[in-house]
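The values are calculated or read from the model by the stated rules, or taken from the named source; none is laboratory data. What you see is a predicted model; the values in this text were computed from it and never measured. Note that each Cβ is placed from the backbone with ideal geometry, even for glycine, and that neighbours are counted across all protein chains shown.
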Amino acid sequence: MTSTATATIREPASGRSPRFVTTSTPAEQHHLARLLVLHGELRGSAERAAESSRALGLANTLLARGARILMVTGASLEAALPAIEGAIEREPRRRLHLATAGGQHVFGFDHRGRPVALAKPDAGAEDVLAFFLREVAAPLGIDAEDVLVVEETFGPSVIADVLQRELDLEAQMGPFAPPRDPTWAIVESGFDVAREHEIESLLTIANGYLGMRGSLAEGSSVSRPATFLAGAFEPSSDVSPVPELVIAPDWGRLRFTVEGELFAVETTTSMERHHRTLDMRRGLLLREGIATGPGGHTTRIRTVHLASLSNRHLLLEGVEIVPQNFSGTVVVDAVLSGDVKSGSGSSHWASFEPRHGHVGPILVGRTHGGLELALASRTTSADPGSMQMRCDRQLGPVSAMERCTLHVQLGEASVLHRVVGLFTSRDGTTPVQRVELLEREAATTAFDALLGDHVTAWQARWKQSDVEIDGAPRIERALRFALYHLIATVHPNDPRCSIGARALSGEAYRGHVFWDTEIFMVPFYVHTWPEAARTLLLYRHLTLDGARRKAKKLGYEGALYAWESADTGDETTPEFVRSPIGEVIPILSGFEEHHISADVAYALWAYARSTGDERILREEGAEILIETARFWVTRGSFKADGQFHIDRVIGPDEYHESVDDNAFTNWMARQNLRYAIAVARGIGRAKAVALGVTPEEIQRWEEVAARMYLGRDPRTGLLEQHKGFFGLEYVDVAAYSPRTVPIDVLLGRERTRRSQVVKQADVVQLLALLWDEFSPDERRENFLYYEPRTAHGSSLSPGIHALVAARLGLLETAARYLEQTASIDLGNNMGNAAGGVHAAGLGSLWQAVAFGVAGLRTTPSDPETLIVEPTLLPGMRRVSLPMQLRGRSLLVHALPGAVEVHVVDGTAPIGLAVNGREGAARTVRAEPGRAYAARREQDGFLAWEEIEP
Ligand code: BGC
């Protein structure tokens, strides 16, 4: 129900100021407000009560949809609260702000729905709107043009109408509506040739089965569209022709011809309001643009693309066309194109066979390696009753397309739906039949329902993963970006594929799998999506034969995993690469970077400890741990000092090659041996016999583990990164910043090798992984020694520094590294996001927040107790995150004065521990369904108390 008194919106003179609702004539609204500022009394007189409650109810709905609202009232907090508490639910209330006493005091609401005062300088002196825009809206990334102000003169019925219209507009936009909450959106506006490749990476949509870069659907002179098929490889055309991820035919391609003129960013006369938005909550790529062609026809086009998370073979595309100043004809070509090449210049496809399918065209292709693919498309009108559209099929030598001709009417939206299906011979023997079946089934379901299933699947993932950070919206958004890509890139039940260094978003590293997966990403899955973590570990079991072959080839026993792995597990590290200036550089990692075997073992063990999945340790895991242990005992040797040494390796710091006794490698190898010993002792005779393990062999592992050289200086507690490191030249890394080039390029490879400049966390990485092996002094001393020597030449480095610095209580350092990690892709601060997002960096951002800032960890001695030692960084008012631990779902809130843990789900209690005074642990057995809080006192926490969940 709407009242007759309505208001109009005064568009701002420039895009820099808010829009104000001013008069009482009907309003024209074109884009959604992200922040609404509502003046007025909340309770009002009795006759206005109904309208007030309508307004509050609508405000609740808008807040739940991600809008921010600032209510400005003349009343006091006490007077205003009852109406708010009665109408606005607890979750949406977090996005509500309240300015009381006419704007003198401003409040937000915490996770329990309680008001929290915001420090407003000179109470009342500054205009509340100016204060709010600067302090709250701007840090959230809300532009003034996304702010709608309803001024004082209007009563609740006008406010209710404005809110209703906002909701109506959103409903009318349907799936094309961008998220109202900027912390859930990555928005790229305009078109910038120089940034286009980077943007394509950031806006990738994926579902673990495939990933599509966020290229412009109609292309541009620089567009590099690519759809990667997870786990499928073909040879590259690089200097070393290693395998690279297969690039499928382009399925999302569209061509728009408006009254005979092409709609494209580079050829139209003007393109206004051109935005591409990654809606991370719903897993959608949205686009909007208003283009005017040379003939003066102005058209607004919106698109939506998604790779379904509920059916990974389904890809959806929606198009909305609204002529702004004409009625006429628009032709839309929806193309399946086999005209694709990889960045290395390779064409993976040996042949194509375009066909007429039962419901739409099909493109069948076969790679040189024999992979068969079938891609089908079906384009329909969203409203066949009233929309005039005719689609013809056209088959070319390597393409199949639908050409749809639409008669469009001035100001009216014509909407097209396209459903694309994709199967390959990796999914079974008959991809063509399967894709046809999929299309037929999809034809019986409404497009919105297919889209809804996908959104529901994303919602389920976010429920298990989303991290909220009050007071640091940039980091919160960057985390969502990280989790979006991590969720999108994993296949939770196909162990034939793991995750490449750049996920499914770009061609750098050719889709190869590194330690990045186990050490940087797996922890996130372990604690939010254990099935996905298990599948990733099973990939290492499936590729164990490749690891055996590599060990054998290099003269060792057991299994040595490929430094870079693809489908078979054989080594795929290129032996040579070409530098940006054309130099051919040898790469030794494939021969010498052996810590990967111990990294896999570490991840496996950590997974089993954190999930309670003992089965994997008895079965596939046992084989991995035993085979990798066998490798280590043959990889090193006992020397005259009676200790076991591992020579000629590369540690995480790749600036130093062929070094002896890299501390990281030796310590991790020792862990690997310890895990193997524990497992070999527990698997029972039959399994031990099957794996050929004898008591003598276990004894040998024990000896090697016990006498492993660890490089620890007993005087200082420092670990020497590798033998001779302390004697190398000290270089003040900070003196070279800011820099845009890697430090090894500035110093030259030779000098870097002879210096103490460290590429990335190496000893610091070890601290993060084996925290309980080191004393508090050792952790601190080693961090303080290595941090200034580290150049962060890899995206894997800053996140781990943030984690360790936060745990050590080095707040400013942790905040700086967290910011650096958050900007690797979103700020392109390594300059190479064009090659894809940095998946390990994304995983390290989550770890820095979960394990560093929130301070969550378990100890080897007690995996059934979660230790919570939060260190909120400057500005942070709350960090909340869900966490799975040994079958329980927990929700942790780290607050300035307390920690709260809610055991949301589980069948048995779990231990929670905080540090009390002088480090004494305070623990509680937390029961499922209940919530607990420990309040902070000066130098520790008080005992846990039970609280309302
Ligand atoms: C890093 C490695 C990493 C690889 C892939 C290299 O630059 O040094 O640690 O595994 O990139 O991300």
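For Y736, the criteria (1) within 16 Å of the ligand (Cβ to nearest atom); (2) farther than 18 Å from E657 by Cα; (3) at pLDDT below 95; (4) in contact with a helix residue (DSSP H, G or I) (Cβ under 7 Å, 6 or more places away or on another chain) hold in every case but one, which is (1). In region 829-843, the residue that is nearest to P788 (Cα to Cα) out of those that are assigned to a loop (DSSP other than H, G, I, E, B) and within 15 Å of the chain's Cα centre (by Cα) is H838.
Anything in region 148-198 that is polar (S, T, N, Q) and over 24 Å from the mean Cα position of the chain (by Cα)? List them, or say none.
Residues of region 148-198 that are polar (S, T, N, Q), as a first pass: 153, 157, 164, 172, 183, 189.
Selection gives T153, S157, Q164, Q172.
Can you find a residue in region 679-691 that is outside any loop (DSSP other than H, G, I, E, B), farther than 30 Å from V745 by Cβ, more than 16 Å from the ligand (Cβ to nearest atom) and touching a strand residue (DSSP E or B) at 6+ places or on another chain (Cβ under 9 Å)? There is no residue in region 679-691 that is outside any loop (DSSP other than H, G, I, E, B), farther than 30 Å from V745 by Cβ, more than 16 Å from the ligand (Cβ to nearest atom) and touching a strand residue (DSSP E or B) at 6+ places or on another chain (Cβ under 9 Å).
Select from region 923-945 the residues that are over 34 Å from the mean Cα position of the chain (by Cα) and free of Cβ contacts under 8 Å to residues at least 24 places away in the same chain and list them in ascending order.
E937, Q938, D939, E945
Screening F576 on (1) in contact with a Pro (Cβ under 8 Å, 6 or more places away or on another chain); (2) closer than 27 Å to L536 by Cβ shows it passes everything except condition (2). The one condition from (1) more than 16 Å from the ligand (Cβ to nearest atom); (2) part of a loop (DSSP other than H, G, I, E, B); (3) without any contact (Cβ under 8 Å) to a residue 24 or more places away in the chain that P896 does not meet is (3). Residues of region 909-944 that are over 19 Å from T859 (Cβ atoms) and part of a loop (DSSP other than H, G, I, E, B): E927, P928, G929, R930, Q938, D939. Remark: pairs (first residue in region 792-806, in contact (Cβ under 8 Å) with a residue 24 or more places away in the chain and more than 22 Å from S775 (Cβ to Cβ); second residue within 8 Å of the ligand (Cβ to nearest atom) and hydrophobic (A, V, I, L, M, F, W, C); Cβ separation under 8 Å; 6+ apart in sequence or on different chains) = S795/A840; L796/A840.
Checked against (1) of a type outside the set (K, R); (2) over 30 Å from A117 (Cα atoms); (3) in contact (Cβ under 8 Å) with a residue 40 or more places away in the chain; (4) within 16 Å of the ligand (Cβ to nearest atom), L845 passes all but a single condition, namely (2). Right, P742: more than 16 Å from the ligand (Cβ to nearest atom), at pLDDT below 95 and surrounded by fewer than 21 Cβ atoms within 10 Å (Cβ to Cβ) or not? Taking the combined requirement at face value, the residue does not satisfy it. With (1) within 16 Å of the ligand (Cβ to nearest atom); (2) farther than 30 Å from E571 by Cβ; (3) among the charged types (D, E, K, R) as the list, and R477 as the residue in question, which single condition is left unmet? Condition (1) is where R477 drops out. Condition check for T752 on (1) under 28 Å from the mean Cα position of the chain (by Cα); (2) in a helix (DSSP H, G or I); (3) within 16 Å of the ligand (Cβ to nearest atom): one failure, at (1). Contact map, region 583-604: first residue in contact (Cβ under 8 Å) with a residue 40 or more places away in the chain, second residue more than 14 Å from the ligand (Cβ to nearest atom) and basic (K, R), Cβ cut-off under 8 Å, separation 6 or more or different chains; pairs are V584/R578; E592/R648; H594/R635; V600/R540; L604/R540. The set of residues in region 795-815 that are part of a loop (DSSP other than H, G, I, E, B) and out of contact with any Pro (no Cβ under 8 Å at 6 or more places or on another chain) comprises S795, L808, G809, L810.
Among the residues of region 720-739, the ones that are of a type outside the set (D, E, K, R), surrounded by fewer than 17 Cβ atoms within 10 Å (Cβ to Cβ) and in contact (Cβ under 8 Å) with a residue 60 or more places away in the chain come to 1 in all.
Every residue, every condition in (1) free of Cβ contacts under 8 Å to residues at least 24 places away in the same chain; (2) part of a strand (DSSP E or B), yes or no:
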position: S342; (1), (2): no, no
position: S351; (1), (2): yes, yes
position: R355; (1), (2): no, yes
position: D383; (1), (2): no, no
position: R390; (1), (2): yes, yes
position: H407; (1), (2): no, yes
position: H417; (1), (2): no, yes
position: V420; (1), (2): no, yes
position: V432; (1), (2): no, no
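Scanning region 630-659 for residues that are more than 16 Å from the ligand (Cβ to nearest atom), touching a strand residue (DSSP E or B) at 6+ places or on another chain (Cβ under 7 Å) and either outside any loop (DSSP other than H, G, I, E, B) or of a type in the set (D, E) (or both) returns S637, F638, F644, H645. Taken over region 442-466, the criterion of being part of a helix (DSSP H, G or I), surrounded by fewer than 17 Cβ atoms within 10 Å (Cβ to Cβ) and among the hydrophobic types (A, V, I, L, M, F, W, C) is satisfied by A443, A449, A460. Just to be sure before I move on: is E188 closer than 14 Å to V37 by Cα, in contact (Cβ under 8 Å) with a residue 60 or more places away in the chain, touching a Ser or Thr at 6+ places or on another chain (Cβ under 9 Å) and surrounded by fewer than 21 Cβ atoms within 10 Å (Cβ to Cβ) in the structure I sent? In short, no. Contact annotation: residue pairs with Cβ atoms under 6 Å, 6 or more positions apart or on different chains, pairing a residue in region 140-165 that is more than 17 Å from P18 (Cβ to Cβ) with a partner that is hydrophobic (A, V, I, L, M, F, W, C) and buried (at least 23 other Cβ atoms within 10 Å of the Cβ), are P156/A55; A160/A55. Restricted to strands (runs of 3 or more DSSP E) entirely inside region 191-277, those with at least 2 residues that are under 24 Å from R578 (Cβ atoms) and hydrophobic (A, V, I, L, M, F, W, C) are 227-235, 243-248.
In the set (1) among the hydrophobic types (A, V, I, L, M, F, W, C); (2) part of a helix (DSSP H, G or I); (3) within 16 Å of the ligand (Cβ to nearest atom), the condition left unmet by L818 is number (3).
In region 764-795, of all residues being of a type in the set (S, T, Y) and either surrounded by fewer than 21 Cβ atoms within 10 Å (Cβ to Cβ) or within 14 Å of the ligand (Cβ to nearest atom) (or both), the one that is nearest to L845 (Cα to Cα) corresponds to S795. A761 meets all of the listed conditions (1) under 24 Å from G841 (Cβ atoms); (2) more than 16 Å from the ligand (Cβ to nearest atom); (3) part of a loop (DSSP other than H, G, I, E, B) but one, namely (2). Within region 754-772, residues that are farther than 15 Å from E657 by Cα sit with their Cβ atoms under 6 Å from residues that are of a type in the set (S, T, N, Q) and outside any helix (DSSP H, G or I), at 6+ positions apart or across chains, in these pairs: V763/Q721; D772/T859. The single residue among T865, T871, T859 that is away from the ligand (no atom under 16 Å from the Cβ), in contact with a strand residue (DSSP E or B) (Cβ under 9 Å, 6 or more places away or on another chain) and modelled with pLDDT under 95 turns out to be T859.
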